[in-house]
Amino acid sequence: LTPGLFVLFDRVIVPRFEEEEAREADAIEETSDIIVAGHGRWGGIVNRMLLDCGYRTTVLDHSSKQLDMLRNIGFRVFFGDATRPDLLKAAGIDHARLLIVAMDDKERNTELVRYVIKTYPHVHVIARAIDRHHVYDLWAAGCRDIIRETFDSGVRAGRSALEALGMSHDRAEERAGAFVADDRAGMLELAPLWDPEIPWLENTRYVERARQLVSERDSRLIETETKD
């Protein structure tokens with residue numbers, strides 16, 4: 001099967017990728033003061049919520065197939081790489097109030113956040129974090145409105161698990177809220193210790209404080225269980 005797979009890759013997959021990469025960025029004739037960079041499964045939800053509340057947005061995405069589909073159902077979206085300074089200019093970054101950074105690639109997300117916060121400090125940036133360490137990278141890049149893409153849904157699932165195990169709804173809500181508050185407090189303590197230039201296991205200050213926080217959390221859990 002191997003020769004056939006190479007033929008498929010060379011004749012079908014590579015040409016499609018090259019066609020998408022070679023496509024020229026769309027001309028943006030009309031802008032708004034809200035820019036959404038990335039209209040996938042995360043950015044699309046944010047954009048739909050804004051539209052439902054009456055806001056106009058300018059959406060940039062680097063997936064031509066995704067945008068063609070969205071245009072067919074009535075969304076106003078543009079093809080282009082949001083990390084390109086000239087395209088950001090065309091999208092209206094000079095007068096933008098808000099930038100939603102929602103691309104799938106964590107490095108490109110961080111690059112865009114760093115550039116916009118440094119170059120356009122008047123723009124409020126909300127950034128999608130792919131994972132916990134990405135939160136710290138975005139924090140180091142200057143962002144202070146960071147949303148972990150799976151955190152809220154994970155907390156909801158955890159709350160449902162507690163209820164399925166017999167905990168009351170109100171108690172499960174209380175424990176979920178306590179978990180969120182504890183997690184947020186820990187991240188705010190660890191973020192200033194993060195250094196994107198150092199592998200995290202070699203960052204002694206970060207690792208030591210993270211261990212202390214885990215120990216403190218375990219002590220609180222034992223105390224809570226004793227009270228219950």
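The values are calculated or read from the model by the stated rules, or taken from the named source; none is laboratory data. Computed from a predicted structure; not experimentally measured. So basically every Cβ, Gly included, is an ideal-geometry build from the backbone, and we count neighbours across all protein chains shown. What goes into the accessible areas is simple: the full protein's heavy atoms, side chains included, and nothing from ligands, DNA or RNA. Shrake-Rupley method; radii C 1.70, N 1.55, O 1.52, S 1.80 Å.
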With the first residue restricted to the stretch 202-217 and required to be at positive phi and surrounded by 14 or more Cβ atoms within 10 Å (Cβ to Cβ), and the second required to be among the β-branched types (Val, Ile, Thr) and modelled with pLDDT of 95 or more, Cβ contacts under 7 Å at 6 or more apart or on different chains are none
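Kindly provide the set of residues from the stretch 141-154 that are farther than 15 Å from TRP42 by Cα and crowded, with 17+ Cβ neighbours inside 10 Å, ordered by number.
Correct list: ALA141, CYS143.
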Looking at the stretch 172-201, which of its residues are of a type in the set (A, V, I, L, M), in contact with a helix residue (DSSP H, G or I) (Cβ under 8 Å, 6 or more places away or on another chain) and open to solvent by 60 Å² or more (accessible area, probe 1.4 Å)?
LEU201
For ILE126: the one exception among (1) part of a helix (DSSP H, G or I); (2) in contact with a strand residue (DSSP E or B) (Cβ under 7 Å, 6 or more places away or on another chain); (3) among the β-branched types (Val, Ile, Thr)
(1)
